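Shown next, in structure tokens, is the structure this report addresses.
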Amino acid sequence: MSLYALVDCNNFYASCERVFAPHLIGQPVVVLSNNDGCVIARSDEAKAVGIPMGAPLHDYHAMMKKHGVAIFSSNYALYGDMSARVMRSFHHFTPDVEIYSIDEAFLGLSGFDETTLPDHMRRMRRAIRQWTGIPVSVGIAPTKTLAKLANRIAKKYTSDGVYMMTDHDLMPRILGDIEVEDIWGISKRWGARLRQLGIGTALQLQQASPRQIRQSLSVVGERIVHELNGHPCLTIEEVQPKQTIMSSRSFGKMVSDLQSLEEAVASYTARAAEKLRQQNSRAGGIYVFIRTNRFRQNDPQYSNAAMVGFDDATSDTASLIRAAMGAIRHIYRAGYRYHKAGVMLTDLTAQDGGQMSLLNPDPTPDETRQSQDKRMAVLDRINTKMGQGTLFHATEGITLKGHKGGNIYGRRIHDPRIQGTERWRMRSQFKSPAYTTRWNELAQVK
Ligand SMILES: [Mg+2]
């Protein structure tokens, strides 16, 4: 039987802040979006005092003060690095790790003894807590869809943060309590369609006819039914996390030089940006990761990730690529054979409803943004019509036919603004130091 675990960091951004401010453990903590606009992460205690997700700071500032809530500006250098540490830790417990979002990963657990697996995962959870300071929850099940649900149960109802959902007697009761919209991959829109068919719970969807679901929700919907019945058939590319767009791939052959990595990352970024515009969103941040092949035990191993936040959320391919290039150069180390790279667009907001920063001293002017939008619309239209990659950014690299592997163009963008992190400095009144990535901001012991 196949088995997967979905590991999710609890209240990730808030937990990262607490690692370096342990006096805040047990206290309400919130993290704000770029430019301190609204709440994007809350500790359990902050949820309990009634601060909603997305709460605008200016509306809730007084209330937060009253409840003694600790407020942090977003610190993407810290979150990106902490994420890389957590993701690296998984490899000590299974070779099969699939990063799903900045704070979630699926672990493949085929071949593990089912009876000792929960203990193995408890040990992993304790180790991650000890190594990184981040608390995680683990849901184990025969499919990724069920592992997602098991994770919710682990988080809500267990004291040790681990739940294995293979007990078939209990399964109907558990699934009967879960709304269809809470299933991985079921959007609000799909939920509404299912409810019209009289399907409101995970149990009802599990028992539905796959063919009927295929007719109203496409083949992905049908696969979700199979997954709920314990048959793995969904890939994570088919189900995007709501707040993330991911584009990553294993390389056909190992890559060692920075230029090839830059080109790979630029083209993943371009693809992710296209998806972003298709769903009319903008991204508030971009996360870039690279890693060597863990199965080649004689190769030196390295993996790392970095994250860049934007002053104003963007869907402009050029801006996203520029940020990704800054990130890849920051984490690249020579002397390793890289096997995989990827980018993740995070903190998505709606194209129109996106927050513009009123306080930003150097905002993207509306005209700039409009002309970027127009440019991107043209790019997407041409690529849709003429085939993907007809028009692309030079950084993605060009390989000429008959000029095997020769990149004739697409060296780095020489833009002084992308050196260091100055380019992305933003309004951040409550920002914690980059404890883990800058020597002069290390945590101090008094
Ligand atoms: Mg989480």
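The values are calculated or read from the model by the stated rules, or taken from the named source; none is laboratory data. Here the structure is a predicted model, which is why all the values come from computation and not from measurement. Please note: Cβ atoms are built from the backbone with ideal geometry, for glycine as well, and neighbour counts cover all protein chains shown.
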Original post:
Given the conditions (1) part of a strand (DSSP E or B); (2) surrounded by fewer than 16 Cβ atoms within 10 Å (Cβ to Cβ), which single one is not true for Glu237?
Top reply: (1)
**OP:** Identify the single condition in (1) surrounded by fewer than 16 Cβ atoms within 10 Å (Cβ to Cβ); (2) polar (S, T, N, Q); (3) closer than 27 Å to Gln204 by Cα that Gln130 does not satisfy, given that it satisfies every other one.
**Re:** (3)
Subject >> Residues located in segment 278-302, provided they are within 16 Å of the chain's Cα centre (by Cα) and either under 17 Å from Lys253 (Cα atoms) or of a type in the set (Val, Ile, Thr) (or both) >> reply: Ile286, Val288, Ile290
Original post:
Does segment 164-176 contain at least one residue that is touching a residue at least 40 places away in the same chain (Cβ under 8 Å), touching a Ser or Thr at 6+ places or on another chain (Cβ under 7 Å) and of a type in the set (Val, Ile, Thr)?
Top reply: no
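Residues of segment 103-112 being at pLDDT 90 or above and either within 16 Å of the ligand (Cβ to nearest atom) or surrounded by fewer than 19 Cβ atoms within 10 Å (Cβ to Cβ) (or both), which ones?
Across segment 103-112, the qualifying residues are Asp103, Glu104, Ala105, Phe106, Leu107, Gly108, Phe112.
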Subject >> Subset of segment 87-102 [within 15 Å of the ligand (Cβ to nearest atom) and farther than 16 Å from Gln301 by Cα] >> reply: Ile99, Tyr100, Ser101, Ile102
Original post:
Is it true that some residue in segment 148-160 is surrounded by fewer than 15 Cβ atoms within 10 Å (Cβ to Cβ), in contact with a Phe, Trp or Tyr (Cβ under 8 Å, 6 or more places away or on another chain) and among the hydroxyl-bearing types (Ser, Thr, Tyr)?
Top reply: yes
